[in-house]
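Contents: one structure, followed by commentary.
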Amino acid sequence: MTITPVDTDSLSTLARGISGRVLAAGDPDFARLATPFNVAVVQTPAAVIEVADADDVATVVTFAADNGFDVAVQATGHGAVLHTRPTLLVHTGRLDELDIRSDHTARIGAGVRWQAVLDAAAPHGLAPLAGSSPLVGVVGYLTGGGLGPVARTFGFASDYVSAFEVVTGRGEMLRVTADEHPELFWGLRGGKGALGIVTAVELRLIELAEFYGGCYFFDGTDARAVVERWRTWGAGLSDQASTSLAIMRLPEMPGVPEPIAGRCTVAVRYAFVGDAAEAEAVLEPMRGVAPVILGGSGVVPYSALGAIHSDPVDPMPIHETSVLIDSLPDDAIAALLDAAGPDADCPQIIVELRQLGGAIAATDAATSAGTSRDSAVSHRDAAYSLLTIGIAIPATVTAVLESATRITSAVAPWGTGRCLANFGASLAPARIARRYDAPTLARLVRLAGAHDPYGVLPESRAVRAAAAL
């Protein structure tokens, strides 16, 4: 794919109208800012706009509408997607405002990553509902719902948003809450980038300084026993506990511990909000299912939440596929292990099951923090989320794609055919349609038409295309 040239005079006009920087191909920092965390997605924008404030974003959106460009947005690029039309890439890294307030809320700019919020909230004994990777951007995670390591206790992170500041596809700058523009507030929580570019968010925090948690690795030869025990054990967990399981094939490389490098292993992750002694007692049946080859558990400062999953910290090329599952009977476990277990020819580095339920599936209108659960986040009633992650380099990408299809097809009899918005980034309309139930998708289409009538936002067009399938 080639970079679409932009008239130099037009770029100069845009540059004079903003406080940030307009970077064309060849300019210093263009490649750095255009490259996402997922380097398998090669982005070739016509220009990168390093915005300094919301006014800059509004100016870029208006310029794009007048000159026939799409507007994409990036903070970290964890959920990067391929853009096939002439695109201006808004980079929000300089929107780094972060304020922990006395009323247990945080105001967070669109360029902030979760670890910064975790560290800032910790001295106050407060906890933001971050995801498994603290390097992910706050805004992209929240607009996709946000399913973190303690989600069964507290629910989706987007349920705790109290306000957005957003630039719509019309170029309007709006403050959006449950009372101000309530329909847009509903849609921004779960609608990803379909309704606007969020420049700041206000979020309610949890009073939580620490939790009990950890991760245990078992040899792949014990996979069947571990998965079967995890299924049965997980079914009896209270909402205080959250857990996931991952069949892993991590390569031999720096940063990968020797006991789990270059072999098939099964990791069981666990987080418990409550008494440590009770947490240990609850974990014991799972910990004793087979010999542990690496790992441990204990009381963990909440700011170290990322240690449970230990997600990659360096950019890498990956391909993700995900699907929601209703149940995990013995036949489903057998099918999954045939496709991804220790004896399978499986190039995925991670095949993960996250147990859902608990507060994720809560149907009451409000969270314990008093914020609303009524949002565009769909499929809260699923039992598990299955995610595959493979290295997408030329030598392996075909095998990774074929393997992902085999795995999702293997569990299809027990699947819902649906997925969550933050897993498996894509602008494919069929993929977008899987994120939402029909009434939610129809409501998002109406909102997209109202707030992006010119189709400046790629995800807005994808949502409308999804509804037409």
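The values are calculated or read from the model by the stated rules, or taken from the named source; none is laboratory data. Note that this is a predicted model, so its numbers are computed, not measured. All Cβ positions, glycine included, derive from the backbone under ideal geometry; neighbour counts span all protein chains shown. Only protein heavy atoms, including side chains, enter the accessible area calculation; ligands, DNA and RNA are left aside. Shrake-Rupley method; radii C 1.70, N 1.55, O 1.52, S 1.80 Å.
Some values worked out for this structure:
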{"read-out": "Sulfur and carbon atoms: percent of accessible area, the chain [1.4 Å]", "value": "53 percent"}
{"read-out": "Point-to-point label distance, Asp381-Ser19, nm (Cα→Cβ direction, 7 Å offset)", "value": "4.8 nm"}
{"read-out": "Cα-centred dipole magnitude for the chain, charges only on beta-carbon of K, R (+1) and D, E (-1), debye, nearest 20", "value": "800 debye"}
{"read-out": "Distance from the range 405-469 to the range 1-70 (C-alpha centre basis), Å", "value": "26 Å"}
{"read-out": "Mean accessible surface per residue for the chain, computed with a 1.4 Å probe while every protein chain stays in place, in Å²", "value": "38 Å²"}
{"read-out": "For the chain, calculated [θ]222 nm from helices alone, where every DSSP H run of n ≥ 4 adds -39500 (n - 2.57)", "value": "-8000 deg cm²/dmol"}
{"read-out": "Förster radius 56 Å - calculated FRET efficiency between Arg85 and Ala277, Cβ distance, rounded to 0.05", "value": "0.45"}
{"read-out": "Within the range 284-302, backbone nitrogen closer than 20 Å to the virtual label 7 Å beyond the Cα of Glu252 toward Cβ", "value": "293-294"}
{"read-out": "Contour minus Cα-Cα distance for Ala178 and Val313 (0.36 nm per residue)", "value": "45.1 nm"}
{"read-out": "Computed E for Asp239/Thr8 - FRET, C-beta separation, R0 60 angstrom, nearest 0.05", "value": "0.55"}
{"read-out": "Selection from Tyr436, Phe37, Leu250, by position along the positive dipole direction of the chain (Cβ)", "value": "Tyr436"}
{"read-out": "Normalised contact order of the chain, rounded percent, pairs of Cα under 8 Å and 6 or more residues apart", "value": "17 percent"}
{"read-out": "Two-site FRET efficiency, Thr232 against Val397, from Cβ-Cβ distance with R₀ of 51 Å, rounded to 0.05", "value": "0.90"}
{"read-out": "Value of relative contact order over the range 384-469, rounded to a whole percent, pairs C-alpha under 8 Å and six or more apart", "value": "26 percent"}
{"read-out": "Gap separating the Cα centres of the range 100-144 and the range 169-198, nearest whole Å", "value": "19 Å"}
{"read-out": "Gap separating the Cα centres of the range 299-329 and the range 359-397, nearest whole Å", "value": "12 Å"}
